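Engineer: To start, I am sharing the structure in question, which I have written as structure tokens.
The values are calculated or read from the model by the stated rules, or taken from the named source; none is laboratory data. Worth saying up front: this structure is predicted, and the values here are computed from it rather than measured. Backbone-built Cβ (ideal geometry, glycine too); neighbour counts: all protein chains shown. Surface accessibility is based on the protein's heavy atoms, side chains included, excluding ligands, DNA and RNA. Shrake-Rupley method; radii C 1.70, N 1.55, O 1.52, S 1.80 Å.
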Amino acid sequence: MIESLVREQYVRSVDILERGRLTDGVIIPSEAECIDILRDTLTDAQITHIQEKMRRAVFQIVPQKPFVDFMNAMNLLKKPEARLNSHLSPYVSQRFAKMPSNNEVRIGFVEGNVRLPGTALIMFPMVKQEEIYKRSLPEGVSVIHPRNYALLQCDRTIDVNHASVLEDNSEDRTYFPGAQWERISVEIVHDIPNDWNKRARWRSQIMKVVQ
């Protein structure tokens, strides 16, 4: 199953990186290398999550470049209906500027449904949603990272009616970053932790470092 997902989506994943100008200074692993890495490192729990829990598993190759490069990629590859470039709120822009970057490449799968269904989590404040959702994830499965989310938006328009929460691995819980398609562009903004949020959705991902 993992091999077939990679084979079906490898070319498209590389194409998005090339058209988004995200390949400079990066060694992109071959299709065979991606298959070997994932076959050797995915646990049974991670494979089960991909098979049974991910709503449309999307294979991605993700250079660990600064997030501004991913904003540029979204603007280069924006859809015809996008009348404005993608937008970051000032707080999110400052927070994501602190995101560690290097020449590493990660590969794996993200949950890629255009619209994620609502769950009981929407009845709780963001901090409670996070606690409940993360408790449901097997080891090695995490909330979607901003870089991965940007590549999803480069691929196709997602979250037309509801925002997805993004995990940048920061300990800052002043706000929760979230993103969606907001009528004419991709908006990446933030939510107050203790406010109820009836629009939030949670996407999972499984990523492996390419050595």
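Engineer: Remind me, relative contact order of the chain in percent, using alpha carbon pairs under 8 angstrom and six or more residues apart?
Structural biologist: The value is 26 percent.
Engineer: Hey, any idea what % of the range 1-138's accessible area is carbon plus sulfur with a 1.4 Å probe?
Structural biologist: Percent of accessible area from carbon and sulfur atoms in the range 1-138: 52.
Engineer: Where the Cα atoms of the range 1-87 are projected onto their three principal axes, how long is each span, largest first, in whole Å?
Structural biologist: 42, 30, 21 Å, listed from the longest principal axis down.
Engineer: Counting alpha carbon pairs within less than 8 Å and at least 6 residues apart, what relative contact order, in whole percent, applies to the range 1-110?
Structural biologist: The normalised contact order for the range 1-110 reaches 39 percent.
Engineer: Mind checking the range 145-211 for trypsin sites (Lys or Arg not before Pro) that DSSP puts in a loop (not H, G, I, E or B) and that have at most 13 other Cβ atoms within 10 Å?
Structural biologist: Arg156, Arg173, Arg183, Lys198
Engineer: In addition: Within the range 1-49, list the trypsin sites (Lys or Arg not before Pro) lying in a DSSP loop whose Cβ has at most 14 other Cβ atoms in a 10 Å radius. Please report the intermediate quantities before stating the final value.
Structural biologist: Numbers: sites: Arg7, Arg12, Arg19, Arg21, Arg39; in loops: Arg21.
Filter output for the range 1-49: Arg21.
Engineer: Tell me the Rg and the Dmax, in Å, that the Cα atoms of the chain produce.
Structural biologist: In Å, with Rg to one decimal and Dmax whole: 16.3, 46.
Engineer: On the Cα set of the range 154-195, report Rg and Dmax in Å, please.
Structural biologist: Cα only, the range 154-195: 11.3, 32 Å (Rg, Dmax).
Engineer: Compute log10 of I(q)/I(0) for the range 37-132 with the Debye formula, placing one identical point scatterer on every Cα and leaving out solvent, at q = 0.26 Å⁻¹, to two decimals.
Structural biologist: -1.20
Engineer: Next question, about the same structure. With the other protein chains left in place, how much accessible area per residue, in square angstrom, belongs to the chain at a 1.4 angstrom probe? All intermediate terms of the calculation are to be shown ahead of the outcome.
Structural biologist: Details: 10420 Å² over 211 residues.
I get 49 Å² per residue for this part.
Engineer: Using Cα pairs under 8 angstrom and six or more residues apart, how large is the relative contact order of the range 99-211, in percent?
Structural biologist: 40 percent
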